[in-house]
Each structure stands twice: as structure tokens, then as C-alpha cells.
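Everything on this sheet refers to the single structure shown next.
The values are calculated or read from the model by the stated rules, or taken from the named source; none is laboratory data. Everything numeric in this text was worked out from a predicted model, so none of it was measured. Here the Cβ is made from the backbone with ideal geometry for all residues, glycine too, and neighbour counts use every protein chain on show.
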Amino acid sequence: MVNGNSWRPGIFSRSLKEDQTQVGNLKVTLDGKTMTASFLPASNTPHNSKLNVAILGMDLSTDINRGENSGRHAKHEFVVVGYNSKESNNNQWKMPLPALHYSEVKKYALAVWVSQGNDPTPLQAVGSLLPSY
């Protein structure tokens with residue numbers, strides 16, 4: 001995904017468009033399972049923003065038991081195993097990390113993005129591997 005749109009390198013030899021738009025700075029800090037975030041927009045972006053937080057499961061696999069791929073193994077990366085969002089009128093948030101709806105994960109990552117209202121298109125995003133969860 002690039003700027004909220006699908007991008008697949010190699011299809012028709014498309015190269016990534018360079019975008020010089022300055023949108024602002026999203027800062028996220030963790031203290032245990034509590035997250036503090038702030039978004040400083042570069043322009044007059046409205047202050048009614050939504051912070052979206054996804055916990056991602058890494059290195060997952062599934063045994064395929066039926067069909068033409070029976071007996072094979074499917075590997076999965078960046079699977080959303082926890083999600084939460086919270087609105088703010090001042091671009092400041094303090095909230096717990098989302099609860100997990102799937103806990104058989106050995107390696108986690110965090111994706112956080114700011115959007116406006118009910119439009120999930122990211123204005124700014126940050127992410128990182130999590131040392132533990």
C-alpha cells in the first residue's frame with residue numbers, strides 16, 4: 001500500500017511515484033501495554049483525527065487439510081490479531097494496546113496510523129516490531 005492505494009511492483013513495470021507532500025509527524029511511545037501518541041500536522045489539517053492501532057502477527061502458518069493443496073503449509077505475515085481506534089479533537093491519544101483475538105503468535109509487530117473521521121485512508125503511519133506482547 002502506498003498512500004492508501006494498492007501498489008504492486010513489477011506489474012507493467014510501474015515504478016513508485018515520488019510524493020513530496022508534507023503531512024506532519026506522528027509520534028508513538030509505548031510504556032508496557034499503554035500507548036501514547038501525538039500527531040503534529042504540517043498544515044491546517046482538521047484536529048478531529050482518529051488513531052488506528054493494529055497488532056500484527058508474524059511468522060504464522062496454517063496446515064491445509066483439504067482441496068488441491070491438501071498436505072501443504074501456508075505461511076502468513078502481517079496478520080491483524082488485534083485492532084482498536086480512538087478519536088481525538090486535539091491529535092493526542094493515550095490508550096491501552098488492543099486486546100488480541102488470536103494469541104498463538106510468537107512474533108508481533110505494531111502498525112499505527114492517523115486518519116480523518118470515518119475515512120480509513122492514512123494521513124501518516126508508523127510501525128515497528130514489538131519485542132513482546
Query - Check on Ser128, surrounded by 11 or more Cβ atoms within 10 Å (Cβ to Cβ), closer than 27 Å to Ser6 by Cβ, touching a residue at least 12 places away in the same chain (Cβ under 8 Å) and in contact with a Ser or Thr (Cβ under 7 Å, 6 or more places away or on another chain) - result: no
When region 32-67 is checked residue by residue, the ones that are touching a Gly at 6+ places or on another chain (Cβ under 7 Å), surrounded by fewer than 18 Cβ atoms within 10 Å (Cβ to Cβ) and part of a strand (DSSP E or B) are Leu40
Within region 88-100, the residues that are farther than 10 Å from Val53 by Cβ and under 16 Å from the mean Cα position of the chain (by Cα) are Ala99, Leu100
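Of a type in the set (Gly, Ala, Ser), over 26 Å from Ser6 (Cβ atoms) and in contact (Cβ under 8 Å) with a residue 24 or more places away in the chain: does that describe Ser88? Outline the logic, then answer.
On the way: of a type in the set (Gly, Ala, Ser): yes; over 26 Å from Ser6 (Cβ atoms): yes; in contact (Cβ under 8 Å) with a residue 24 or more places away in the chain: yes.
It is true that Ser88 is of a type in the set (Gly, Ala, Ser), over 26 Å from Ser6 (Cβ atoms) and in contact (Cβ under 8 Å) with a residue 24 or more places away in the chain.
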Condition (residue is closer than 30 Å to Pro41 by Cβ, in contact with a His (Cβ under 9 Å, 6 or more places away or on another chain), surrounded by fewer than 17 Cβ atoms within 10 Å (Cβ to Cβ) and not charged (D, E, K, R)) applied to region 86-100: is it met by at least one residue?
yes
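Do we have Ala42 as modelled with pLDDT under 90 and either farther than 22 Å from Thr121 by Cβ or out of contact with any Phe, Trp or Tyr (no Cβ under 7 Å at 6 or more places or on another chain) (or both) here?
On the way: modelled with pLDDT under 90: yes; either farther than 22 Å from Thr121 by Cβ or out of contact with any Phe, Trp or Tyr (no Cβ under 7 Å at 6 or more places or on another chain) (or both): yes.
Here the answer is yes, as Ala42 does meet what is asked.
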One residue is enough: does region 101-115 have a residue meeting the conditions within 16 Å of the chain's Cα centre (by Cα), assigned to a strand (DSSP E or B) and surrounded by fewer than 16 Cβ atoms within 10 Å (Cβ to Cβ)? yes
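Rundown of residues vs (1) out of contact with any strand residue (DSSP E or B) (no Cβ under 7 Å at 6 or more places or on another chain); (2) of a type in the set (D, E, K, R), yes/no style:
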position	(1), (2)
Leu40	no, no
Ser43	yes, no
Asn52	no, no
Ile55	no, no
Asp59	no, yes
Gly71	yes, no
Gly82	no, no
Asn90	yes, no
